[in-house]
Amino acid sequence: MSNIEQQPRPLFVGPIVRAALVDAVKKLDPRRMARNPVMFVVELGSVFTTALFVHAAVTGQGDAPAGFILAVAAWLWMTVLFANFAEAMAEGRGKAQADALRQARRDVPARRLRKGASSEVLSAPAARAAALEEVPSPSLRLGDVVFVAEGELIPADGEILEGVASVDESAITGESAPVIRESGGDRSAVTGGTRVLSDWLVVRVTTNPGEAFLDRMIAMVEGAKRKKTPNEIALDVLLAGLTIVFLLATVTLLPFSRYAVASSGQGSPASLTVLVALLVCLIPTTIGGLLSAIGIAGMDRMIQANVIATSGRAVEAAGDVDVLLLDKTGTITLGNRQASELLPAPGVDERELADAAQLSSLADETPEGRSIVVLAKARFGLRARELEATGAAFVPFTAQTRMSGVDLGGRRIRKGATDAVARFVEEAGGRFPAEVRAIVEQVAREGATPLVVADGARVLGVVRLKDVVKGGIRERFGELRRIGIKTVMITGDNPLTAAAIAAEAGVDDFLAEATPEAKLEMIRSYQAKGHLVAMTGDGTNDAPALAQADVAVAMNTGTQAAKEAGNMVDLDSNPTKLLSIVEIGKQIGSESGTQIRPVGQSAVVWQPGSTHM
Amino acid sequence: MTAIAVAQLALFLALLLALARPLGAYLVRVHGGEARLAGRVLGPVERLIYRAAGVRADEDMPWQRYAASVLVFNLAGALALYLLQRAQSALPLNPQGFAAVSPEVSFNTAVSFVTNTNWQAYAGESTMSHLTQMLGLTVQSFVSAATGIAVLFALARGFARQSAEGLGSFWVDLTRATLYVLLPLSVVVALFFVSQGAAQTLAGSVTVHSVQGADQVVSLGPVASQEAIKLIGTNGGGFFNANSAHPFENPTALSNLVQMLSIFLVPAALCFMFGRLVGSEAQGWAILGAMVALFVPLAVAVIAAEQAGNPALGALSVAQQAGNLEGKEVRFGAVGSALFTAVTTSASCGAVNAMLDSFTPLGGLVPMWLMQLGEIVFGGVGSGLYGMLMYAIIAVFVAGLMVGRTPEYLGKKIEAFEMKMASLVILFPAATVLLGTAIACVVPAGTEPLGNPGAHGFSEILYAFTSGTNNNGSAFGGLTASGRFYAVAIGLAMLIGRFWVIVPVLAIAGSLAKQRLVPAGPGTLPTHTPLFVAMLVGTIVLVGALTFLPALALGPIVEHLQQAAR
């Protein structure tokens, strides 16, 4: 998985330095220099002293000795060029990162659906070849439909129309495990340059060439579209103010020295060259020269964390955020639920229920199954038994039966969803007791998942599967609270469950039974109270809230709409990253005593429902 | 520097801190309108004033309205003072029958007293009637000081309040500052001065038959009362032309110490008040610490320079154990005069007890630079602290960016608007001093009234614009300031230096009040630590040095080098 602690990159890399040297000269264009008032003044001074030098060299009697003027002029040009070089270096480092990503989107042949052909024909292997034409990827346009087969690169950013496939997105996320992409829902976006490992996909292209978010980021890092952050604007104001003060201090020196010479009858007035040199010494050239480099560096830090900020404002806002809206599943709780309680049916001993539940789960390798074994052992000291020795036959979970279990001797033990188990019991001639149904409803109402256990025709009881709060998350929220950040849990659970989990996780507030509208409303109300709000989202229905939030991190796996609405994109698609982003913004974390790291979670794991609030 | 000098400085600072802290606590109550004992005695007077003036005591003015009130009040004050001077010959209480003051000097004096500068382009005892002195000058001494305190009250509310539109009522702040702070302190101090031998009478003058047989006219008047507010309100406009060097203004060494304490008392106490109002006295200590850290080395520099004496005299084998005594009162000596000069120029008081024109070049450089820092080392009542807080905002911003912290000061975010206004506060006074001096250097009207040629003459011009713009009011001497050019130019400089600072300060106060308080966290730069004090001092010294060192180099520094080379 990727995380904040990336390998430190070397400061000087040959190609970057060479490109920066060229850029430094190109940036002398006064139209670009005017963006930075301090360095603009230095450039004017350079031009002025150069003119004085030419005057002195031609006429032989200039403002000061020609050699001296030349030295001052050269020094000033060096100052300007160095500032430009520093800026170009900072941009170059960002560009290098972008280039690494851009390699992934090298031109590949794409199989495009012919005009007028229906995408449905692609489902049939036989008809495919006739409906497709081969084109280079740059000629793909918004709305084109392409077919990508196993082993091929996806030619452009797009939305899956048909098919399910595992996709290797390591080129973008650095995560080696493949991820599942399928049509419909919030997991339907694919990124150009990623590789289809199995099966096939029909993809509708959602961007024109040069408009993919990668391209936008490159344009931004290259400085063409970068907006100044509020802090940069404030600093510009201060620097401009100081520059004017020092300009006056220098300009007034001319009458001062003329008066001094006239009045005392000795010495000579200060030369214009000396005054220009003094001005450049006085004005804050160092900070003025490095300012834009600093601004770019902030964005670069995000890029190193595999987060692409689409505006400098967002990076800065990340440092000022004081309310975090966090999706419960995946961020606060593990995606997997764990058995927490055994609720026996009337007339059934809890120990018997535990025994049966454990037997049915012994071969069940899912986290839920294992947690049942562990619970039974913890409650009644039931040891795990060897199933082979007892001649048991394991019945695996299938989407049709929606149950799993074991056949042991004459016993047929099953555990599963309520209606599936009810059908099983009734088929075996039993009856599903109303008391158990009440227990099931109670458990469900509390937001936990009920798992019914039956032995043949007899219903034994219910296993409660509950959400598990991630280890260390409570401490992390405490840490955030100490630095004045309020955490709010967003969940689709009912208020009762939400309150319980909120209390366990130690969040400051929660929004239960959240709808996109409620989420948007909540962001607005926090903002009205003067808070800056950060959130993550990946679904199209998150887009309004993402657009409203001050820091809106869209998951790279999310829909195009979500990515457009957010102002950052997390390439790892890890909702927990939000905490890290805020820490980067506040520049805390690695250097502070309380080291905060992303809670261990693989970057892209396909969890059904994990992104639903 | 001798042991006696060190002891004097230490005693002065110890007494100052001992008095300022309790006064700071009292100021907090005055600020909130909760003065207990004073409230019982003066409360009816306060309410009577509000009723008579039609002021609502609970009015909450947005910053624009607050600033407009300040400007209107001061404009009216200036106009009244101008008319009073022009008409004094026709008005009562003019025992010596002085004629009307000239238009340009009247303008200059009116502006001077309204802006708390008290630059005096006239000799008080031979120009102003008792009525002008009492009803005009002394009244403005009170209310101009109270204006400074009121603006600071508003700025403190800007920091302390959150999501608020208003900064309080200027009229209420003005009344309370005058009634509960300046008036009681002045009464106490004035009585003390009378006890030391200062004059306090409505008689014009007495003619005495001197020992040598000649008749001498000795001017008298209500001196002690004007003296008290001259110092407490950091005004500096003396009754006599000789100011605090005159034995009827400042009779003894003890009264000299009390004068110095009176100058620093309210500015220091306001630091404690500010700290408490923003919820942490440590913040007040930090600001005061920065002031002391700037004051002590510079005071030591003046004292050392004056104790060292004049090298030209040293070359003639003249013994100077007592230091450079030219232009100094023997009852204060070199140390008492040098320390007083450092005090009066670091606070924007401008009272003088010695002739600065006669100081050594370096002894004259330090007072000039103390003023050029913007009168923020203690500074004027109110104005010193609000000027210092502008620098604190800049220091927080620059330092915060350097170490990657969000620029926040006292829980308020510093953004482009605050930076714009804080930059104006630095820009306008510096530009006025430099441009004013530059113009005076090139026009004959500027160079003709000079008393000395060369570098010393340049120092005289620079000092005049420095003193006027930064509302100090002390004079270097040697320059005849009553001519039309200087009367008008310095008058304008004083206006810019006062009100083009007050308006941006109030704008910042308004912008801060609207913000919510951001709770402090590890991302916040602590602003009560020695580190921050050092950064604040560094910012001030850097900006002050870079702006004025080129000009100072052509004045006192070159003069010092010439003197040393001779």
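Among the residues examined, A:Val462 does not qualify as among the β-branched types (Val, Ile, Thr), over 22 Å from the mean Cα position of the chain (by Cα) and open to solvent by 10 Å² or more (accessible area, probe 1.4 Å). Taking the range A:533-549 as the region of interest, how many residues are open to solvent by 40 Å² or more (accessible area, probe 1.4 Å) and either assigned to a strand (DSSP E or B) or within 20 Å of A:Leu579 (Cα to Cα) (or both)? Number satisfying all stated conditions: 2. Of everything listed in (1) aromatic (Phe, Trp, Tyr); (2) open to solvent by 20 Å² or more (accessible area, probe 1.4 Å); (3) over 19 Å from B:Phe274 (Cα atoms), the single unmet condition for B:Tyr26 is (3). Within the span defined as the range B:435-448, one or more residues are among the small types (Gly, Ala, Ser), farther than 21 Å from B:Ser144 by Cβ and more than 11 Å from chain A (Cβ to nearest Cβ).
Take the residues of the range B:390-410 that are within 8 Å of chain A (Cβ to nearest Cβ), assigned to a helix (DSSP H, G or I) and out of contact with any Pro (no Cβ under 7 Å at 6 or more places or on another chain): which is most open to solvent (accessible area, probe 1.4 Å)? Even if it seems obvious, please write down each step before you answer.
Here is the first cut: in the range B:390-410, the ones within 8 Å of chain A (Cβ to nearest Cβ) are B:394, B:397-398, B:401, B:404-407.
This time we only want the ones that are assigned to a helix (DSSP H, G or I), so: B:394, B:397-398, B:401.
Subsequent filtering for residues that are out of contact with any Pro (no Cβ under 7 Å at 6 or more places or on another chain) retains B:394, B:398.
Working: B:Ile394: 7, B:Val398: 43 Å².
Per the criteria, the residue is B:Val398.
In the range A:434-459, the residue that is farthest from A:Pro344 (Cα to Cα) out of those that are out of contact with any helix residue (DSSP H, G or I) (no Cβ under 9 Å at 6 or more places or on another chain) and open to solvent by less than 50 Å² (accessible area, probe 1.4 Å) is A:Val443. Checked against (1) open to solvent by 40 Å² or more (accessible area, probe 1.4 Å); (2) in a helix (DSSP H, G or I), A:Glu341 passes all but a single condition, namely (2). Which of the following residues is open to solvent by 50 Å² or more (accessible area, probe 1.4 Å) and within 26 Å of B:Val278 (Cβ to Cβ): B:Leu542, B:Leu546? Answer to the check: B:Leu542. Reported count of residues in the range A:526-544, each being over 23 Å from A:Ser188 (Cβ atoms), away from chain B (no Cβ under 14 Å) and among the hydroxyl-bearing types (Ser, Thr, Tyr), is 0. Residues in the range B:188-210 that are under 16 Å from B:Gln226 (Cβ atoms) and either open to solvent by less than 20 Å² (accessible area, probe 1.4 Å) or hydrophobic (A, V, I, L, M, F, W, C) (or both): B:Val188, B:Val189, B:Ala190, B:Leu191, B:Phe192, B:Phe193, B:Val194, B:Ala198, B:Ala199, B:Leu202, B:Ala203, B:Gly204.
Checking each residue in the range A:136-195 for being modelled with pLDDT under 75, in a helix (DSSP H, G or I) and surrounded by 17 or more Cβ atoms within 10 Å (Cβ to Cβ) picks out A:Ser170, A:Ala171, A:Ile172, A:Thr173, A:Asp186, A:Arg187.
Each residue in the range A:489-513 was checked for being surrounded by fewer than 21 Cβ atoms within 10 Å (Cβ to Cβ) and within 18 Å of A:Thr536 (Cβ to Cβ), and 3 of them qualify.
When B:Ile490, B:Ile496, B:Ile502 are screened for being within 14 Å of chain A (Cβ to nearest Cβ), more than 30 Å from B:Pro311 (Cβ to Cβ), at pLDDT 90 or above and in a helix (DSSP H, G or I), only B:Ile496 passes. Selection of helices (runs of 4 or more DSSP H) fully inside the range B:93-182 by the criterion of at least 1 residues being over 23 Å from the mean Cα position of the chain (by Cα), touching a residue at least 60 places away in the same chain (Cβ under 8 Å) and buried (at least 24 other Cβ atoms within 10 Å of the Cβ) returns B:139-160. On the given criteria, is B:Ile426 surrounded by 23 or more Cβ atoms within 10 Å (Cβ to Cβ), over 21 Å from B:Val111 (Cβ atoms) and in contact (Cβ under 8 Å) with a residue 24 or more places away in the chain? In short, yes. Taking the range B:490-521 as the range and being more than 30 Å from A:Gly530 (Cα to Cα), in contact with a Phe, Trp or Tyr (Cβ under 9 Å, 6 or more places away or on another chain) and open to solvent by 20 Å² or more (accessible area, probe 1.4 Å) as the test, the residues that pass are B:Ile496, B:Trp500.
Here is a yes/no grid of residues against (1) open to solvent by less than 10 Å² (accessible area, probe 1.4 Å); (2) at the interface with chain A (Cβ under 10 Å from one of its Cβ atoms); (3) under 30 Å from B:Gly510 (Cα atoms):
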| position | (1), (2), (3) |
| --- | --- |
| B:Lys412 | yes, no, yes |
| B:Glu415 | no, yes, yes |
| B:Lys420 | no, yes, yes |
| B:Pro453 | no, yes, no |
| B:Glu460 | yes, no, no |
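Per the conditions (1) open to solvent by less than 10 Å² (accessible area, probe 1.4 Å); (2) over 23 Å from B:Ala487 (Cβ atoms); (3) not acidic (Asp, Glu), the sole criterion not satisfied by B:Leu185 is (1).
In this entry, B:Gly387 passes the filter for residues that are assigned to a helix (DSSP H, G or I), crowded, with 23+ Cβ neighbours inside 10 Å and more than 7 Å from every other protein chain (Cβ to nearest Cβ). Does A:Ala71 satisfy the criteria of being in a helix (DSSP H, G or I), of a type in the set (A, V, I, L, M), modelled with pLDDT under 75 and surrounded by fewer than 23 Cβ atoms within 10 Å (Cβ to Cβ)? For A:Ala71, the condition - in a helix (DSSP H, G or I), of a type in the set (A, V, I, L, M), modelled with pLDDT under 75 and surrounded by fewer than 23 Cβ atoms within 10 Å (Cβ to Cβ) - is not met. In this structure, does B:Ala57 turn out to be part of a loop (DSSP other than H, G, I, E, B), closer than 23 Å to B:Leu277 by Cα and in contact (Cβ under 8 Å) with a residue 60 or more places away in the chain? Here the answer is yes, as B:Ala57 does meet what is asked. Condition check for B:Gly473 on (1) closer than 30 Å to B:Ala123 by Cα; (2) outside any loop (DSSP other than H, G, I, E, B): one failure, at (2). For the range A:282-305, the criterion of being out of contact with any Pro (no Cβ under 7 Å at 6 or more places or on another chain), within 11 Å of another protein chain (Cβ to nearest Cβ) and at pLDDT 85 or above is met by at least one residue.
Kindly establish whether A:Gly484 is within 14 Å of chain B (Cβ to nearest Cβ), within 23 Å of the chain's Cα centre (by Cα) and not in a helix (DSSP H, G or I). Considered against the rule, which asks whether it is within 14 Å of chain B (Cβ to nearest Cβ), within 23 Å of the chain's Cα centre (by Cα) and not in a helix (DSSP H, G or I), A:Gly484 comes out as yes. Checked against (1) open to solvent by less than 30 Å² (accessible area, probe 1.4 Å); (2) modelled with pLDDT under 90; (3) more than 7 Å from chain A (Cβ to nearest Cβ), B:Asn470 meets all criteria but (2).
Does at least one position in the range B:309-320 carry a residue that is open to solvent by less than 30 Å² (accessible area, probe 1.4 Å) and either part of a helix (DSSP H, G or I) or of a type in the set (A, V, I, L, M, F, W, C) (or both)?
no
Look at B:Pro267 and say whether it is under 30 Å from B:Thr529 (Cβ atoms), open to solvent by 20 Å² or more (accessible area, probe 1.4 Å) and either part of a helix (DSSP H, G or I) or among the polar types (S, T, N, Q) (or both). Considered against the rule, which asks whether it is under 30 Å from B:Thr529 (Cβ atoms), open to solvent by 20 Å² or more (accessible area, probe 1.4 Å) and either part of a helix (DSSP H, G or I) or among the polar types (S, T, N, Q) (or both), B:Pro267 comes out as no.
The values are calculated or read from the model by the stated rules, or taken from the named source; none is laboratory data. Quick caveat: nothing in here was measured; it's all calculated off a predicted structure. Glycine gets a Cβ as well: all are built from the backbone with ideal geometry, and neighbour counts include every protein chain shown. Just so you know, the surface numbers come from the protein's heavy atoms only, side chains and all, with ligands and any DNA or RNA stripped out. Shrake-Rupley method; radii C 1.70, N 1.55, O 1.52, S 1.80 Å.
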